[in-house]
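Chemist: First, the structure itself, so that you have it in front of you.
The values are calculated or read from the model by the stated rules, or taken from the named source; none is laboratory data. Computed from a predicted structure; not experimentally measured. FYI the Cβ positions are ideal-geometry reconstructions off the backbone, even for glycines, and counts take in every protein chain you see.
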Amino acid sequence: MRQGDIELDSVRLHFVGIGGYGMSGLALIMHSLGSEVSGCDLRDSSRVQYLRDRGIPVFLQHSHEHLEKADAVVYSTDVPEDNVEICAAEDAGIQLLHRSEILAHLFGAFRHSIAISGTHGKTSTTAMMAQVLRAAEMSPTVTVGGVLPETGFTAEVGSSEYMVAEACESDGSIIRYHPRHAIATNLEPEHLEFYDNSFDRQVSVFGRFLKNIQPGGIVVLNSQDKRLRKIEIDPSVRKVSCAREPDACADYVAEDVRVESSESRFNLRHRGTDLGQIRLRVLGEHMVFNALQVAALALELGVDLQAIRKGLYSFPGVGRRFQRLGSFAGAQIIDDYAHHPTEVAATLRTAQHLVTNRLRAVFQPQRHTRTQALMEEFSRCFDEADELILTPIYSPPGQNPIPGVSSAVLAQKIRNASDVDVRLMEGKECIVKHLAETSQAGDVVLVMGAGDIWKVAHALAEDDKAKVAATEP
């Protein structure tokens with residue numbers, strides 16, 4: 001069913017799985033626009049409590065009774081078809097809306113809607129863009145697949161006609177979006193189970209999304225991505241290209257890139273004109289490129305360069321994106337969402353700027369389908385690590401194991417391809433114990449994965465805080 005069948009700003013919406021990163025943000029924004037919103041989730045969380053504190057009722061567990069006042073039920077791709085509330089809505093003739101239909105509605109509701117999409121970097125780039133608009137006093141509405149440091153939540157309600165949203169391409173629903181402007185960070189094989197295991201099909205879907213940019217809008221493209229370069233953009237849309245040196249053909253170029261232990265920086269050049277240095281408090285060449293694309297779009301939108309500099313330098317990062325949690329026994333603890341080989345390699349390279357002893361990586365593969373499709377790429381992306389701890393594959397409910405696809409198989413392939421010390425460990429308690437007993441000053445412990453492996457990093461950080469507290473007078 002299409003969202004156009006119903007006037008979304010004034011209806012009663014019930015969100016199934018409202019505590020999810022994407023769903024919680026959409027629920028808050030729709031609530032702010034005048035919709036009566038409720039929701040349910042399987043468990044309590046800080047996001048659920050955030051919504052409750054703002055007057056949105058949230059039920060725990062699923063029940064048909066939750067739909068008594070609903071005009072429409074919102075669900076995500078992760079919600080199974082046999083969910084009790086989905087089935088009850090179908091039986092009662094209540095309209096079902098995919099979360100992408102809500103976001104599509106929002107892209108049309110704001111005069112200057114900005115979609116940030118691509119395989120990697122969406123969350124950080126979305127939050128960066130929002131920070132620049134804030135610095136320019138443009139008060140954007142924001143929804144992101146992470147936690148915004150300004151609000152401690154997945155969304156922010158602004159007061160202007162600007163909206164910045166992360167547009168996930170994982171399930172193909174991106175073709176519903178018609179934003180005014182967009183940033184396309186990159187395009188690599190990912191979530192191929194939604195594209196009949198065809199990267200060509202994934203590229204085609206992404207191309208359809210870019211053709212949906214509103215006439216008169218702006219699309220910022222990574223010109224060094226050969227797949228993005230081949231996608232045709234409507235002539236009514238202004239196409240802006242970004243690249244790292246020495247690409248002289250790009251509209252905006254990041255030159256003289258430097259990544260150090262406390263900051264990243266680069267010189268911004270626009271069509272041959274040096275616009276000066278941009279400094280970031282977040283680390284990594286990938287963060288530099290995110291900032292380059294944000295600066296490019298902001299300048300094209302008429303944002304003052306000084307506001308752009310201020311916004312980018314004040315950007316503190318997003319939760320679980322190279323998040324420094326503290327230390328343990330002199331070892332720095334970093335938590336990161338990296339779950340694709342390209343992301344893993346980039347995060348490891350960034351961590352090397354902090355290492356004076358050993359780089360110790362903990363990685364939790366996510367989804368058997370991803371691990372199977374990218375097994376060879378995963379086997380070659382850990383070279384920067386001195387030690388690698390692999391956990392069993394984390395898969396969401398409903399995804400079954402695949403014969404021959406396991407962390408043990410991956411571990412052997414990594415050993416065959418590199419000299420990394422690879423260990424297989426089950427149970428987060430065992431991993432925490434091993435790291436706590438063997439960490440040394442100068443180590444960097446880098447915990448990566450899209451599942452629940454973050455608990456390892458937080459357990460180490462909390463343990464260190466407890467030890468410090470116990471020694472204080």
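Chemist: Step by step: first the residues of the range 163-180, then only those that are in a loop (DSSP other than H, G, I, E, B) and of a type in the set (A, V, I, L, M, F, W, C), then the one that is farthest from Asn212 (Cα to Cα). Which residue is that?
Modeler: If we take residues in the range 163-180 being in a loop (DSSP other than H, G, I, E, B) and of a type in the set (A, V, I, L, M, F, W, C), then Cys168 is farthest from Asn212 (Cα to Cα).
Chemist: For Arg415, only one of the following conditions fails: (1) over 23 Å from Glu377 (Cβ atoms); (2) in contact with a strand residue (DSSP E or B) (Cβ under 7 Å, 6 or more places away or on another chain). What is its number?
Modeler: (1)
Chemist: Check the range 200-210 and report whether any residue there is surrounded by 21 or more Cβ atoms within 10 Å (Cβ to Cβ), touching a residue at least 60 places away in the same chain (Cβ under 8 Å) and not assigned by TED's automatic domain parsing to the domain that holds Gly398. Reasoning before the result, please.
Modeler: Narrowing the range 200-210 to residues surrounded by 21 or more Cβ atoms within 10 Å (Cβ to Cβ): 202, 206, 209-210.
Of the ones still in play, those that are also touching a residue at least 60 places away in the same chain (Cβ under 8 Å) are 206, 209.
Applying the additional criterion that residues be not assigned by TED's automatic domain parsing to the domain that holds Gly398 yields 206, 209.
Yes: one or more hits.
Chemist: Still on this structure: Tally the residues that are in contact with a strand residue (DSSP E or B) (Cβ under 6 Å, 6 or more places away or on another chain) and assigned to a strand (DSSP E or B), restricting the search to the range 275-310.
Modeler: Residues that pass the stated criteria total 5.
Chemist: Can you report the number of residues in the range 181-228 which are of a type outside the set (Phe, Trp, Tyr) and assigned to a helix (DSSP H, G or I)?
Modeler: 14
Chemist: Also, quick follow-up: Is at least one residue of the range 313-335 buried (at least 19 other Cβ atoms within 10 Å of the Cβ), among the aliphatic types (A, V, I, L, M) and under 15 Å from Ala127 (Cα atoms)?
Modeler: Scanning the range 313-335, I find at least one residue that is buried (at least 19 other Cβ atoms within 10 Å of the Cβ), among the aliphatic types (A, V, I, L, M) and under 15 Å from Ala127 (Cα atoms), so the answer is yes.
Chemist: I've got another one for you. What is the residue count in the range 266-288 for residues that are more than 22 Å from Leu354 (Cβ to Cβ) and of a type in the set (D, E, K, R)?
Modeler: Selection size over the range 266-288: 3.
Chemist: Do you know which residues across the range 19-61 are in contact with a strand residue (DSSP E or B) (Cβ under 9 Å, 6 or more places away or on another chain), of a type in the set (Lys, Arg) and more than 19 Å from Arg99 (Cα to Cα)?
Modeler: Arg43, Arg52
Chemist: Among strands (runs of 3 or more DSSP E) lying entirely in the range 65-156, which contain 3 or more residues that are touching a Ser or Thr at 6+ places or on another chain (Cβ under 7 Å)?
Modeler: Once the strands (runs of 3 or more DSSP E) in the range 65-156 are filtered for at least 3 residues that are touching a Ser or Thr at 6+ places or on another chain (Cβ under 7 Å), what remains is 141-148, 153-156.
Chemist: Here is a further query. Could you look through the range 169-198, keep only residues that are farther than 19 Å from Ser76 by Cα and of a type in the set (A, V, I, L, M), and pick out the one that is surrounded by the fewest Cβ atoms within 10 Å (Cβ to Cβ)?
Modeler: Applying the filter and picking the extreme gives Leu187.
Chemist: Here are some residues: Thr123, Thr143. Which one is touching a Lys or Arg at 6+ places or on another chain (Cβ under 7 Å) and under 12 Å from Ala167 (Cα atoms)?
Modeler: Thr123
Chemist: Here is a follow-up. Restricted to the range 268-309, and to residues that are more than 23 Å from the chain's Cα centre (by Cα) and over 20 Å from Ala135 (Cα atoms), which residue is surrounded by the most Cβ atoms within 10 Å (Cβ to Cβ)?
Modeler: Arg269
Chemist: Right, next: Looking at (1) exposed (fewer than 15 other Cβ atoms within 10 Å of the Cβ); (2) more than 27 Å from Leu148 (Cβ to Cβ); (3) aliphatic (A, V, I, L, M), can you tell me which one Leu60 breaks?
Modeler: Going through the list (1) exposed (fewer than 15 other Cβ atoms within 10 Å of the Cβ); (2) more than 27 Å from Leu148 (Cβ to Cβ); (3) aliphatic (A, V, I, L, M), Leu60 breaks only (2).
Chemist: Any residue in the range 444-457 that is in contact (Cβ under 8 Å) with a residue 12 or more places away in the chain, touching a Pro at 6+ places or on another chain (Cβ under 8 Å), surrounded by 19 or more Cβ atoms within 10 Å (Cβ to Cβ) and under 18 Å from Pro365 (Cβ atoms)?
Modeler: Yes, the range 444-457 contains at least one residue that is in contact (Cβ under 8 Å) with a residue 12 or more places away in the chain, touching a Pro at 6+ places or on another chain (Cβ under 8 Å), surrounded by 19 or more Cβ atoms within 10 Å (Cβ to Cβ) and under 18 Å from Pro365 (Cβ atoms).
Chemist: I would also like to ask the following. Which number in (1) over 21 Å from Thr126 (Cβ atoms); (2) touching a strand residue (DSSP E or B) at 6+ places or on another chain (Cβ under 6 Å); (3) touching a residue at least 24 places away in the same chain (Cβ under 8 Å) marks the one condition that Val237 misses?
Modeler: (1)
Chemist: Could you please find all residues in the range 8-54 being among the basic types (Lys, Arg), under 23 Å from the mean Cα position of the chain (by Cα) and not in a helix (DSSP H, G or I)?
Modeler: Within the range 8-54, Arg43 is the sole residue that qualifies.
Chemist: Follow-up. For the range 236-265, enumerate the residues that are under 26 Å from Val355 (Cβ atoms) and part of a strand (DSSP E or B).
Modeler: Result: Arg244, Ala254, Asp256, Val257, Arg258, Val259, Ser264, Arg265.
Yes/no per residue for (1) outside any loop (DSSP other than H, G, I, E, B); (2) closer than 17 Å to Ala338 by Cβ; (3) in contact with a helix residue (DSSP H, G or I) (Cβ under 9 Å, 6 or more places away or on another chain); (4) not assigned by TED's automatic domain parsing to the domain that holds Val355:
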site	(1), (2), (3), (4)
Arg370	yes, yes, yes, no
Glu376	yes, no, yes, no
Cys381	no, yes, yes, no
Glu384	no, yes, yes, no
Ile389	yes, yes, yes, no
Pro397	no, no, no, no
Gly404	no, no, yes, no
Ala408	yes, no, no, no
Lys413	yes, no, yes, no
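Chemist: Please identify the pairs in which a residue from the range 344-371 that is over 19 Å from Ile453 (Cβ atoms) has its Cβ atom under 6 Å from the Cβ atom of a residue that is modelled with pLDDT under 95, counting only partners at least 6 apart or on another chain.
Modeler: Final answer for the pair search is His353/Ser261; Leu354/Ser261.
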